[in-house]
Structures are given as C-alpha cells and as structure tokens.
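The values are calculated or read from the model by the stated rules, or taken from the named source; none is laboratory data. What you see is a predicted model; the values in this text were computed from it and never measured. Note: ideal-geometry Cβ built from the backbone for every residue, glycine included; neighbour counts use all protein chains shown.
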Amino acid sequence: MARTGVIICHCGSNIASVVDVERVALAAGQMPGVTYAATNKYTCSISGQDMIKQAIAEHELDRLVIASCTPRMHETTFRKMLTKTSINPYMLEIANIREQCSWVHTDKEKATEKAIDLVHMAVAKVLKDQPLFTSSIPVHKKCLVVGGGIAGIQAALDVAEAGYEVTLVEREPSIGGKMVMLDKTFPTLDCSACISTPKMAEAGAHPNIRLMTSCEISAVTGYIGNFQVTIRQKPRYVNHDTCTGCGLCEEKCPTKVTNLFDQSLSKRKAIYKLFPQAVPAKPVIDSEHCTMLKSGKCGLCSKLCPLGCINFEDQEDFITETFGAIVLATGYDLIDWAKAYPEYGGGKYANVISGLQFERLVNASGPTEGHIQRPGDGAEPKTVVIVKCVGSRDPAKAKAYCSRACCMYAAKHAHQILEKIEGSKVYVFYIDVRTPGKGYEEFYDKTRADGAVYIRGRVSKIYEEGGKLICKGEDTLIGKQVAVEADMVVLETAMEPAHGSTETAATAGVSADKDGWLTEAHPKLRPVETQTAGVYLCGTAQGPKDIPDTVAQASAAAAKVLGLLAKDELETSPMISVVDAPKCSGCGFCEQVCPVKAISMVDVPSMYNGKRVTRTVAQVNSGLCSGCGACSAACRTGCIDLLGFTNKQILEEVDALWQE
Amino acid sequence: MSDVQNTLRDRVRSLLAEGKISCFIGWGPTRFKDRTIPKFANKPEDAGELVYNEHCLSNLAKYALDFQFSAEVAGIAVRGCESRAINRLIADGRLTRSKLYLVGIPCEGMLENGSTAEKCAFCRHRNPVVYDELIGEPVAEQENPPRFEQVLELESASSEDRYDFWQREFAKCIRCYACRNACPACNCMECYTEQYRTGWQGKQANTLENSVFGFTRAYHIGDRCIECGECERVCPMGIPLMKLNRKLVKDVESLFGSEESGLSDDASHALGCYDKEDLEEFM
Amino acid sequence: MARIDAENWEPKILAFCCNWCTYTGADLAGLNRMKYPDNIRIVRVPCSGRVNPQFILRGFQKGYDGVLVCGCHPGDCHYTSGNYFTRRRFLLMKRLLEYAGIETGRFQARWISGAEAAKFRDTVLKVTEEIRALGPNHRMKEADDHE
Amino acid sequence: MELKKENLEKALTALTRLGKVLVPGVVDGVKKFVPYAAGADIDLDMVNTTLPPKDVLFPQTQKMYRFTTGPDAAFEEISDAEEQILFGARPCDAQSIDCLDKVFLSGEYTDAYYADKRGKLTIVAAACAKAAPTCFCRSMGVDPGGAPNADLLLAPTAGGWNLHCQSDKGKAVLEALSGLLEDADGQALPPAQPELVVDMAPVAEKISTMFEHPIWDELHRPCIGCGTCTFVCPTCYCFEMGPEMHGAEGTEMRYWDSCMFSEYTRMAGGHNPRPSAKERLRNRYLHKLSYFVERYGQTLCVGCGRCVEKCPANLDISRAIEMIGEAKTE
C-alpha cells in the first residue's frame, strides 16, 4: 500500500487567507493512499523542509504531495530536498493552490473546494508515480566545427584556447571563407585580410585544432556528448604530410582555369592554392581540369616536385570520429543575380559586376592589384552606379528578407571608389538605408559627405548604349524617372545559405527555415543552440549578418560548447519516453512526430504467435529525448509512454474528480 | 467470373509449382452457395479449390499478416479494396512489399443477401491500385459514388439526434471486436483496449463503454481508413460503422487535403505530419 | 459533485495546459491577482502535443461539463512542432465529438502564451459562461449510464 | 390446449403479471429476446434470434458488488434477479440453458448470481416448425419438436400453439393464461427437419485423441480472432471480472470474455500458452465437442447455427465436425 504524505502550505497568508488549508488537510487525510496530511506555514523554508523530512521518517512515507505555489517555482527545490530523504525525488506531485487558486479566486468556500480537488488530482497522480533516476551520459571532450570561414575559425579558436580539442572541417582547400576575399571591412576600413589571415594562421598552427580542408561531413549519428561523425576527405592528389608548399608545381602547371576565388576575374592553375595566404599553404589538384587526371597526359607537377608529393591515385577517404559538440558555421553564398534579374542584363554586360567582384577588384592582392578597372576593358570607371537590395527585400524575384550587410558595404564601396578614383561619381540606388551598428551611421554620413549620391528607388533596367550602362529607375522621393549613365555598375546582391548547407545541417539533425537558413532553438533566448542538443550554430549559416555579429555569435556558440565540454558527464532528465517493446507494432508514428529525432526503429528478437521472430520496434534515445510526449499521444496502443506524465497518471488525474 | 476463377486457379497452380510463392491466399467454397471462406492454397493441387464469384466478401489483406515473418513470398488475390489494404499494412510497417506476390483482380462489386454489398456500393477503386499481375481487364470505376451522403445527412441532424443515434447504435455493440480485427488500419500488435493497466477502456459492455470504443477506434483509423467497409460488413449487430469512419475520412480530406488512404504504400498520414498553414480555429 | 441538484449546479471544466506557455500564463494570471471563475481544473502536461485525444473523452465520461486544451501559439512550441500536431489532432477530434453528439463548445482548444495572463483569464471566463449556458453535460457521462 | 395467434398479445400481457416477459423481437435491427411491451415488434416465427437468450441468466455485464476502499472499506452485494419468463425460446435455446445449468449449478460450487436468476426464470419454449439453412440441432441431439427442460412447451399449430405443461412453473403460466386458451389441441404442425445434418458419432469416438492432429493447422486460418462466435453462442460461458472505479468507490463486475481473443490466456509477463488462432480455435472446438462431453456427458454445441451465420470469415463448426469425422487418426 502506498503511504502518501500531503503537505498543504499556508504560504503565509498567500494561500491561507483564501483557502481553508486545515479543511484541505482534513479532506486530504481521507483520500486513498494518504497516510499523513498536515499544513505548514512556509513549506519551502528550511524549517518547512525539515518538517517534511521529519514526517517522511516518522510516518514512513513513500510519496509526497505538496499543495503550494506553482511547480514551476519550487518543484526543483522540493526534489532536491527529497534527495536527502528515503523518497525518490520523482515521487512528488505539486498541487498549485496559490497561482491557480488562492490568488485568482475570492470566494473562500469555492476556493477551498477547488483546492481539495486539485490536491485530489495530485494524490491520484502520485499513486501512479514511479521512482525515476537520472542517468548520466559521458561527454566526449572534443568539438567539431563545420565551416572554416571567420565564424568557424573564431569558434574553433575560442574552444581550442580553453583547452579542448577541435576539428575544423572546411570543404574548400583552405580555410578563410568569404571574409578573406574582402578588401576592407566597414566601418573601420581596416584591411580584411590583415585581420583575418592571422586568425587563419593561428587556427592552422593551434595545437588543439586539427584542420581538415577539402573535407565534408557525410554522416552524423549519436547524440549530445557522443556524436559519431563521418568526415569525407576529398582527394587532393598532393600529399600534405610531405609537401612544403614551395609552389614550384603551381608555377609550372600549364593548365589555366577560371579563378573562382577572384570571382572569375582572373585565372589560376589546375594545381593551385586557393589564394596566396591559404591555410594550409599547400596546393591541391583540381581534378576537373587537370589534364593528367582527365586524359593521363602531362604529369609535369609530379615530375617537378622535389619531394614526390604528387599522387594521381589519391582516393576519397572516410574518417569517423567522436565529438561531444558540433558547431555549424556553414556560411553563405551570394544569389545568382543573373538568373533573377534579366533586366540588369542577366550577366551579358561585363561591367555589371557583383559586390564581391568589386571586392576582388579593389583588393591589393586581387587580379588588378587593387586598381579599380572595368572588367570589360580595363578602363577606370568614372561614374559608378551601386544598386542595393539586388535580390533582398524582393520576394517577387528573389528573397523577402534583408541581407543586413549590404547597406554598409555599399557605402564602403562608394567610399572606396570616391577615394581611389579622382573625380569619380557614385550613385547609390537604395530602398532604405539601414545602419544599426556602432559607427555605421557615421560612416554612411561620411560617404554622402564625400559625394556619393543616394537615389531612393529600385533600378528597373540596365542596358548598354554608346559604351555606357544606362541605369533606369524611379527616384521615389521626387516621383520621377531617372536614368544614370554609368561606366560600371556594382550590384549589392542578397546573401543566401551556402549551397549544400541545409543538407549538411540535416545530417546533423538541424532543420532550416523556408529560405534555407538554419533554425536556432529559440530566436531570442537560444540563438546559437539548435533543436538537436549538442549542435550549435553561428555566423551566416543562421541568417545574413555582418562580420562583427558573426564573430560575436561564433564566440557565443563557443561559450555554449565550453559549457558542455566542461562537464565530464551530462545528467539526463529521467522524464523521457519509454517503449514497451513487446507491445510496439513498429508503425513508426512516434518517430514521425518526434521533434528531436530521439526515436528510431530497431530490429529486436521477439515472440509472435508463439514463434521467435525479429521485429521492428521503436527505441528512444535517452540522450536525445526532450520529454515532450508527442510520441505518446501519437501511439494508438499507448506502448510509448512519457515517464512522469504517463497515460495512467493523466487518466488518474482526470478520474480524480469523482472523489467527493 | 468463371473465367477469372479458371485463370486464377491456373496462375496460382503455376506460381506454387514454380516456387514463386509458398502459399496463396484466396477464397474457397463453403457448404452454402452464397458464402465463401478465405482459402489458403499451399500446394499446386490446392489451386483447384479456389473460388472466385460474387460472394467473395472477405477482404483478404489482413491474412497476409500470417506471413509477415515468413522468409518466403506469399501470394494473395487483390481487388481494389485488398490492394489498398495491403498498401495500408505496408505503410504502417506491418508488411513488406517484396515478400508479397499480388494477383490483381478487377472487381465489379460483390453480392450480399442478393443485392450489391453495402461495402461495394461506394467503392471508388474497383481495380487494384497495386499488383504484380492482373487477371482480366480493368473495369470501369464507379463515377463519384456518394461516399459522404450518409455523413452529410447525419451532420445536418441536431446534436441531440446525433447523440441519440450513436448511443442507440452502440447500445447494440457486443464488443466482439470483429470490426477491429477485420480492419486493415487496425493493425496494432495489441489494441489499446487490451492495455488494462493503463485503463483506457472498460471491458464492460454498456452503451457508454461501447461508444467510447467506437469513437476511439474511429479516431485511431480516421486518417488511415481505406473505406473497405469490412468493419461494417462483419459487425454481427449491424452497426453502421462506415458512417462514422467516413466522417473522419471526409474531415481529413477537407481539413488537410489528404488523398485517399491506401493508394500508395507511403507511410505519411494526416496526423503524422502537419502544415504550418493548417486551419486555425484555436486562436 | 456528481449529484448536485440543478439549482446549485456549477460547470466543471477540465483543462490540459502545456507547461511552457499556458500553464505559465495561468501562473502569471495568479501573480497579477487576476480573477476568474473557479470552475476550472488544470492538468499540467509538458506540451499540448502530449494530450491524447482520448483524454478528452475520458473527461466527459468522468463528469466534466467541458474540456479545454491549451498550448503555445503555433510557431512558439517549446519543442518546436508539438502544437502543430495538437492542432491537427484536435481539429479532427473536435469534429468527431460533435458528430458523436457532444454539443459544440463543450470541447475547446486555445493557444495561450506565457505572457497572455489576460487571455487565459478571458478564456476561462468565456468558456465557463459558454458551458454554463449549455448546462450540465449528460452525454458520454458515466454516472448517467449507471443510474 | 391451444393458444390462438390472435390471443398471443393478450397472453403475453397476462404473463407480465408473473414477471418480466422476454420475447423474440427486433430492436434497432437486432433480433434478440426483449422485454415484452404492448405493441412491441415481436416475432415468434423467426427461426433463431441473433443474440441467444443466455444474457437473461448470465448477462454480458453483471454487476456483482459495490465497494469502497480506504479507511472505511466496505462492500455491498448487488442482487438484481427478478421473476422472468423467457417466452418463445427454441429447443436449442432451452438445451443451451441446460448446458449453462450444468456449468453454474452442478458440482461443488453454485454460482449465486446465476442461481438467483435461474430460480426466478420460467422457460416457455416454442418448438420449431421450420429451420434455417444453418440449423443443425438434430445432429447435436436436440429435438426441434421438444424442449425437455422447458416449463412449458409451445408446439406450433396452423393457427397458434398447443401448450404442453412440463413443470409446476409451467402450471403457473397456464393459470395465468386461463381464459385465453382453447380447451382442445389444434392440428400440430410437424417439427422442422433441418437440412444441415452432420454425423457426431465418429467425432465422439476419436476427438479426444486429436489434440496434436494436423487438422488444426489449416482449420483456424480464416479465423480473425474476434469474439463473434462466442458472443452469439448460447452456451459459451467464459467471463472475466474487474472493477469500475470512481475514486475510492468501485463496482466489481463480471463480463463475457472470449477464448478467441488473443489476450484471453495471456499471463502477466506476456507468456501466452495459446499464442495463435490455431490453439485458440482448437480449444474452442475441443471444449465444445470433447472436454464438455467428458465432464457433463453432452456437447456444448446445441446446433443453433448462430456462429455459422455470423462468423465474419464464414467459419463453420458443422463443417469442422465433418472434417474431424473424416480425419485420419492413427
């Protein structure tokens, strides 16, 4: 027989002034299974807790109902208290007779009756409580960072600096991402490479960081603290263990290929480093273009390499490792504006370029060594039109969202043109100017003071006429059509999630929104966590943002990772779902509704019609289950149940009304 | 129909003889002219005992569960209703398509007490929707049979009349669970009614408990019912169960835009997924 | 309470409230000392997605005159998607109950966030009045079947 | 003595003075024994009711006692027996009551609930002038023209029924009907001759040796495991007990169970000695045709054909009897 103790709290006068607590205690004493019922002035106080402990010992109680304030207030307090008694902390139910009774009702008689009902429901439920035990899962103190842009580098460095091992996976042959392509950063105008390459080098040399370039993650299993990740190493055809990065191969390679790092504004070789400051500073072979790999002819690099590092037989390799935490920093791409905006020439005018192309043009290490020259003829443009929101805030053609960084880099581009080309004119077509950042508005003001002409309106058409690019649009402030003759047009295009990032995220159990940006666990309160515990995100993988925000978020993600890795073991809530496997039909309905992919279908030996068979049944991963109970409501048989809120417990609460 | 019967016997004989299937589930004769019984042909010579006529009322699909753990392939005769039931059972993880050999039979409806069986009257899929081979030529489908006519009629009754209607009907229920056991969507290893410890459902046969069972079963299968009408056919008390099931089918179709159940073995079902743009009534 | 005469009859309403939104909203209503009718009995569940529609029938069986299911607003679910499933389940269940002859209004569902204490209070007020207007429920109720 | 058809309603009304009169009728499409009320839809010509009269004595759900738990634990027995007249029961139905009597009244233990009801029951049986295609009572030793354990037998005539009193309770019925009866007997109709005939003789001979016989491997296969056959059977008497709780108050009940349900023999922990339909069907048939015979000297099947008529899969116990009879045994 159960020996339930019921404590009715006065909460000073908070409860007792409305609810006749003595009457509630008297009624509770008559309820099935109740051995002891008493009131207490302040149950949560030390003396209140001592009184409960004493009652537990004296009356050999095996479960407890406390009628007091909301369980959201003191459930944890009382559970903690129970750890010091003979009662399991989960043999406790709280009847909320303060927030949901004494504070909201005035009729003392009715409030008392309601309190009795609420206590009754708790008493009925507690009779079906079972002792539950937290279990612990080990934490593998190693972090995986996916994406080697500034976000990934920052997160990796922060975690590594704290003393934990990090593996940084990058699909390109070098880390660096988009930031390293940029020339200057707004609003301070410090050289992007100057501040990002030291970080790259630091990451490359850090004893706790293992760089895995030309790599992608292909599979993730397991759960927080224990992710088994399979990493695919793409063939590089160059042995990076022996290569010193002398560059002889690259110098002599006869095959020239469009250089995508320079946004197609230059050529590179078929064996190449992504850019001069690449980390690792070692070349790889572009298998798509290498004549040796394509047709078996050439092999010059192999002949020249003094250390014999070239291996045309290189194969892809799969490496599986265990990580405690994963950070997704998969970054962004720019939209393909040529497809979305045929009215801007759709790519047929060489002098209509993207902002990122402009960054390469103006970059000292770019194809023009920093001289702004028209890609079409190499001439210096005197009049430049900058078009903002190309693809952003334009749901009809591309993206509905604001890409956040464009207003500022458009101002930066305008500034750079005005500064570098004497007598130049810059017209900026804009919808709005958004400058919410430290020093941003000031920078924008300065650019305008420098002479940039801001025209409010979208460009409706760009066409070539007499060697000039005519940009037509409406100046909505004066309500008139305007046409600007330009030598060059820079389109500040929208960001979109890096290609393949949603697939990578899905591998790690992270979902994306309709635009493909990865979904955080809570937009405000858990901005760097995801619905999959132990997987974090940062940078533009989560949504468009600029470098300061990206870096801040990367450090935030690192802080979360450190919070996890600092623990040797994770205590898991015991209030999770459990499967009664012999009853499970294996329909998988629970799996379909689980928000955290904690349920998987597994084959188990079983009996069926008296025969030994192998059947498929549901299995709950206790490390992943978040205890929502959606599975339980989806199960027709009721064979998957949520501990702490079992079907039986809830039915008992409902049935309790019958007691009078 | 005798052509179909002859072809069926020939085909089953060969399939068994060739070892393509280990057993064939069809219909066999009874001592009564107007009744058939599910027949399991294990050997080529059993094929001659198979029957196909207008009295083949049983939906055979659930008998395939007898072979769910068998290493061999089982053959089964499938008309529209059986084929959808097989899809349902595959979708719900109870059968494996590769372990089944489906002999399709287009069907023009069966007879019950001398006239078209109630379960066939609203059929929209007389031709099997999945099969490995088809006996005979596809038949014309019934054009828009008024599936929801009876539901609409009851919907237009007053709340009180609806309550009285179902209470009167469930007063008849004897809790034999024939409806459940015949239903291809009721394919749980153990029914919720058997979970005595949880106590979902009292075993006592009274109108209330009977109707709790009736409504719960309807809800459990509502988004997966293939409208084969077996539950109603097997009910010894003649409770119009399809009038209940079709209500849910109708709502699932109109609320969530789901297609009819059992047209494919896709595991998705209306309550196993959601659309953020679903109807909002609870604001 | 089952055998209180009609004059003194007070509706009894069962409410399933999710821990993260509506239960919190109800707590906030208390914190703000808002007043609402005492006819409601709340069962706390982690998520509205935990509420098996069979619990609703059970509520009516056991003598509740009305049943309410409350959760986070769609999109705000603590567990991301629980309430989207809730919405589907109860869109269907509500119609089934009405078809079965339970009067419209006896079963209701509402999205109430942790901040919407006033909405919680107003919902309890409204639902209580609606159910009061419907009178005692005898349909699908155990006692009546056993008289 | 003859009761003319035109006096039937008067006769039934007269009988209501003796107790609740149960007559074959149709309620919401279901043929069963229903309490007689003037103007009710009664049909004494129907061959068999769909539901047997067994729930008159052995209700599908029988409330046994009420109880309260907790400090003031108490219980109160429920007795709901009342005088009842089962009017128009068929010879097979009467025979089924004989079977139930053996189970509930003979031997060391008498079932109080059954005994109460049985003591207050008067059986007015009606012999059959016609048979349904599924009737095979004769093969099971039941005479469609007689009902030895009935208190009164109605033998059909062209215009009504001749009355044969068979007990003191029967006399009471006759007294109640005085004034409504013709003194002379009418022209009796010949009793029905069911077309369905099976031979039980070879079955009786060998069935007790056939537990392991391969016949069961195939026989059960159409069975869907529902309880229809057992619930429409006039003799199946298995039950289970359980409480219905309202907080600390409860009512203990017993309700029909079916050996065809998979959970019927399932034990705590999950083991099931009758794991599949094969073992379950075998048990049902052996119980009816062998075990009961060994214990009480008669079969537990009265040949009413209800299960044959209602089986969702058209399983046919008469066919099983034939197959058992034909089976080779060593």
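Kindly evaluate A:D117 against the criterion of being within 14 Å of chain C (Cβ to nearest Cβ) and either under 15 Å from A:I8 (Cα atoms) or free of Cβ contacts under 8 Å to residues at least 24 places away in the same chain (or both).
On the way: within 14 Å of chain C (Cβ to nearest Cβ): yes; either under 15 Å from A:I8 (Cα atoms) or free of Cβ contacts under 8 Å to residues at least 24 places away in the same chain (or both): yes.
In short, yes.
Among the strands (runs of 3 or more DSSP E) lying completely within segment A:97-200, list those that include at least 1 residues that are modelled with pLDDT of 95 or more. Outline the logic, then answer.
Details: elements: A:135-138, A:142-146, A:165-169.
Once the strands (runs of 3 or more DSSP E) in segment A:97-200 are filtered for at least 1 residues that are modelled with pLDDT of 95 or more, what remains is A:142-146, A:165-169.
If I filter segment B:241-251 for residues that are at pLDDT 95 or above, more than 29 Å from B:L111 (Cα to Cα) and not in a loop (DSSP other than H, G, I, E, B), do I get at least one hit? Reasoning before the result, please.
Applying the first criterion (at pLDDT 95 or above) to segment B:241-251 yields B:241-251.
Pick out the ones that are also more than 29 Å from B:L111 (Cα to Cα) and you get B:251.
Now drop any that are not not in a loop (DSSP other than H, G, I, E, B), which leaves B:251.
Taking every residue of segment B:241-251 in turn, at least one turns out to be at pLDDT 95 or above, more than 29 Å from B:L111 (Cα to Cα) and not in a loop (DSSP other than H, G, I, E, B).
Residue pairs, Cβ under 8 Å, 6 or more apart or interchain, first in segment A:593-609 and in the same structural domain as A:C639 (by TED's automatic domain parsing), second in a strand (DSSP E or B) and among the small types (G, A, S). List them.
Here the result reads A:A598/A:S577; A:I599/A:S577; A:I599/A:A618; A:S600/A:A618; A:M601/A:A618; A:V602/A:A618, each pair linking segment A:593-609 to a residue that is in a strand (DSSP E or B) and among the small types (G, A, S).
Which of (1) assigned to a loop (DSSP other than H, G, I, E, B); (2) within 14 Å of chain A (Cβ to nearest Cβ); (3) out of contact with any Phe, Trp or Tyr (no Cβ under 9 Å at 6 or more places or on another chain) does D:P275 not meet, given it meets every other one?
Only one criterion is unmet by D:P275, namely (3).
Please count how many residues of segment B:77-115 are surrounded by fewer than 24 Cβ atoms within 10 Å (Cβ to Cβ) and closer than 19 Å to D:N314 by Cβ.
Of the residues in segment B:77-115, 7 are surrounded by fewer than 24 Cβ atoms within 10 Å (Cβ to Cβ) and closer than 19 Å to D:N314 by Cβ.
Collect the residues in segment A:278-318 that are in a loop (DSSP other than H, G, I, E, B) and among the basic types (K, R), keeping them in residue-number order. Before you say what the answer is, go through the steps one by one.
So in segment A:278-318, the residues in a loop (DSSP other than H, G, I, E, B) come out as A:278-283, A:286-290, A:296-299, A:305-309, A:311-316.
If the condition is that a residue be in a loop (DSSP other than H, G, I, E, B) and among the basic types (K, R), then A:K282, A:K297 are the ones that fit.
State yes or no: is B:G229 out of contact with any Cys (no Cβ under 6 Å at 6 or more places or on another chain) and in contact (Cβ under 8 Å) with a residue 60 or more places away in the chain? Reasoning before the result, please.
Working: out of contact with any Cys (no Cβ under 6 Å at 6 or more places or on another chain): yes; in contact (Cβ under 8 Å) with a residue 60 or more places away in the chain: yes.
Judged against the criteria, B:G229 is a match.
Within segment C:54-78, which residues are facing chain A (nearest Cβ under 8 Å) and within 17 Å of A:Q649 (Cα to Cα)?
Answer for segment C:54-78, where residues must be facing chain A (nearest Cβ under 8 Å) and within 17 Å of A:Q649 (Cα to Cα): C:F55, C:R58, C:G59, C:K62.
More than 20 Å from B:G214 (Cβ to Cβ), touching a Gly at 6+ places or on another chain (Cβ under 8 Å) and either surrounded by fewer than 23 Cβ atoms within 10 Å (Cβ to Cβ) or more than 9 Å from chain B (Cβ to nearest Cβ) (or both): does that describe C:G82?
Numbers: more than 20 Å from B:G214 (Cβ to Cβ): yes; touching a Gly at 6+ places or on another chain (Cβ under 8 Å): yes; either surrounded by fewer than 23 Cβ atoms within 10 Å (Cβ to Cβ) or more than 9 Å from chain B (Cβ to nearest Cβ) (or both): yes.
Yes: the conditions hold for C:G82.
In the list A:V528, A:V551, which residue meets the criterion of being of a type in the set (V, I, T) and touching a Phe, Trp or Tyr at 6+ places or on another chain (Cβ under 9 Å)?
Working: A:V551 fails: touching a Phe, Trp or Tyr at 6+ places or on another chain (Cβ under 9 Å).
None of the others qualify; the one that does is A:V528.
Just need a number here: residues in segment C:15-43 that are more than 7 Å from chain A (Cβ to nearest Cβ) and not in a helix (DSSP H, G or I).
11
Since A:A16 meets every condition but one in (1) part of a loop (DSSP other than H, G, I, E, B); (2) modelled with pLDDT of 95 or more; (3) crowded, with 16+ Cβ neighbours inside 10 Å; (4) within 14 Å of another protein chain (Cβ to nearest Cβ), which condition does it not meet?
With (1) part of a loop (DSSP other than H, G, I, E, B); (2) modelled with pLDDT of 95 or more; (3) crowded, with 16+ Cβ neighbours inside 10 Å; (4) within 14 Å of another protein chain (Cβ to nearest Cβ) applied to A:A16, the lone miss is (4).
Taking the stated definitions as given, is A:E60 within 10 Å of chain C (Cβ to nearest Cβ) and of a type in the set (D, E)? First the steps, then the outcome.
On the way: within 10 Å of chain C (Cβ to nearest Cβ): no; of a type in the set (D, E): yes.
No: the conditions fail for A:E60.
Where in segment B:117-216 are there helices (runs of 4 or more DSSP H), lying fully within it, with 1 or more residues that are away from chain C (no Cβ under 14 Å)?
On the way: elements: B:118-121, B:149-155, B:159-171, B:178-182.
Ranges flagged: B:118-121, B:149-155, B:178-182.
Got a sec? Which of A:S511, A:S460 is within 35 Å of the chain's Cα centre (by Cα) and of a type in the set (S, T, N, Q)? Quick ask: steps written out before the conclusion?
Details: A:S460 fails: within 35 Å of the chain's Cα centre (by Cα).
Only one candidate qualifies: A:S511.
State whether the residues of segment D:285-306 include one that is within 13 Å of another protein chain (Cβ to nearest Cβ) and either of a type in the set (K, R) or in contact (Cβ under 8 Å) with a residue 24 or more places away in the chain (or both). Give the derivation first.
In the first step, residues of segment D:285-306 are kept if they are within 13 Å of another protein chain (Cβ to nearest Cβ); the result is D:305-306.
Within this subset, residues satisfying the condition of being either of a type in the set (K, R) or in contact (Cβ under 8 Å) with a residue 24 or more places away in the chain (or both) are D:305-306.
Yes, the conditions are met somewhere in segment D:285-306.
With the structure loaded, tell me whether A:T106 is more than 23 Å from the chain's Cα centre (by Cα), within 14 Å of chain C (Cβ to nearest Cβ) and either farther than 14 Å from A:R210 by Cα or surrounded by fewer than 23 Cβ atoms within 10 Å (Cβ to Cβ) (or both) or whether it fails that test. Show your work before the answer.
Working: more than 23 Å from the chain's Cα centre (by Cα): yes; within 14 Å of chain C (Cβ to nearest Cβ): yes; either farther than 14 Å from A:R210 by Cα or surrounded by fewer than 23 Cβ atoms within 10 Å (Cβ to Cβ) (or both): yes.
Yes: the conditions hold for A:T106.
Identify all residues within segment A:514-543 that are on the phi < 0 side of the Ramachandran plot, without any contact (Cβ under 8 Å) to a residue 24 or more places away in the chain and either crowded, with 24+ Cβ neighbours inside 10 Å or not charged (D, E, K, R) (or both); write none if there are none.
A:T519, A:A521, A:H522, A:P523, A:L525
Would you confirm whether or not segment C:3-14 contains a residue that is at pLDDT 95 or above, assigned to a helix (DSSP H, G or I), at the interface with chain A (Cβ under 9 Å from one of its Cβ atoms) and more than 19 Å from C:E116 (Cβ to Cβ)?
Looking through segment C:3-14, none of the residues is at pLDDT 95 or above, assigned to a helix (DSSP H, G or I), at the interface with chain A (Cβ under 9 Å from one of its Cβ atoms) and more than 19 Å from C:E116 (Cβ to Cβ).
Sort through D:M253, D:M260 and tell me the only one that's assigned to a strand (DSSP E or B), of a type outside the set (F, W, Y), within 26 Å of the chain's Cα centre (by Cα) and buried (at least 18 other Cβ atoms within 10 Å of the Cβ).
Numbers: D:M260 fails: assigned to a strand (DSSP E or B).
That would be D:M253, the only listed residue that is assigned to a strand (DSSP E or B), of a type outside the set (F, W, Y), within 26 Å of the chain's Cα centre (by Cα) and buried (at least 18 other Cβ atoms within 10 Å of the Cβ).
For segment A:524-600, list the strands (runs of 3 or more DSSP E) that sit wholly inside it and hold at least 2 residues that are at pLDDT 95 or above and out of contact with any Pro (no Cβ under 6 Å at 6 or more places or on another chain); which are they? Lay out the reasoning, then the answer.
On the way: elements: A:535-537, A:569-572, A:577-579.
Output list reads A:535-537, A:577-579.
Evaluate segment A:604-615: report whether one residue or more is within 20 Å of C:H78 (Cα to Cα), part of a loop (DSSP other than H, G, I, E, B), touching a Lys or Arg at 6+ places or on another chain (Cβ under 9 Å) and polar (S, T, N, Q). Please lay out each step first, then the result.
Step one: filter segment A:604-615 for residues within 20 Å of C:H78 (Cα to Cα), giving none.
No, the conditions are met nowhere in segment A:604-615.
Within segment C:78-147, considering only helices (runs of 4 or more DSSP H) that don't extend past its boundaries, which have at least 3 residues that are of a type in the set (S, T, Y) and either in contact with a helix residue (DSSP H, G or I) (Cβ under 8 Å, 6 or more places away or on another chain) or under 30 Å from A:C625 (Cα atoms) (or both)?
Numbers: elements: C:82-99, C:117-134, C:142-146.
Where helices (runs of 4 or more DSSP H) fall fully within segment C:78-147 and carry at least 3 residues being of a type in the set (S, T, Y) and either in contact with a helix residue (DSSP H, G or I) (Cβ under 8 Å, 6 or more places away or on another chain) or under 30 Å from A:C625 (Cα atoms) (or both), they are C:82-99.
Could you check, for segment C:65-77, whether at least one of its residues is buried (at least 22 other Cβ atoms within 10 Å of the Cβ), part of a helix (DSSP H, G or I) and under 14 Å from the mean Cα position of the chain (by Cα)? It would help to see each step written out before you state the result.
Residues of segment C:65-77 that are buried (at least 22 other Cβ atoms within 10 Å of the Cβ), as a first pass: C:65-72, C:77.
With part of a helix (DSSP H, G or I) added as a condition, the list becomes none.
No, segment C:65-77 has no match at all.
Looking at (1) farther than 21 Å from A:M121 by Cα; (2) away from chain D (no Cβ under 14 Å); (3) touching a residue at least 60 places away in the same chain (Cβ under 8 Å), which is the one condition that is false for A:F645?
The number of the failed condition is (1).
Given the conditions (1) crowded, with 19+ Cβ neighbours inside 10 Å; (2) away from chain A (no Cβ under 11 Å); (3) without any contact (Cβ under 8 Å) to a residue 24 or more places away in the chain, and given that D:G247 satisfies all but one, which numbered condition is not satisfied?
With respect to (1) crowded, with 19+ Cβ neighbours inside 10 Å; (2) away from chain A (no Cβ under 11 Å); (3) without any contact (Cβ under 8 Å) to a residue 24 or more places away in the chain, D:G247 is out only on (2).
Looking at segment A:502-513, can you tell me whether even one residue there is buried (at least 19 other Cβ atoms within 10 Å of the Cβ), touching a Pro at 6+ places or on another chain (Cβ under 8 Å) and touching a residue at least 60 places away in the same chain (Cβ under 8 Å)?
No, segment A:502-513 has no match at all.
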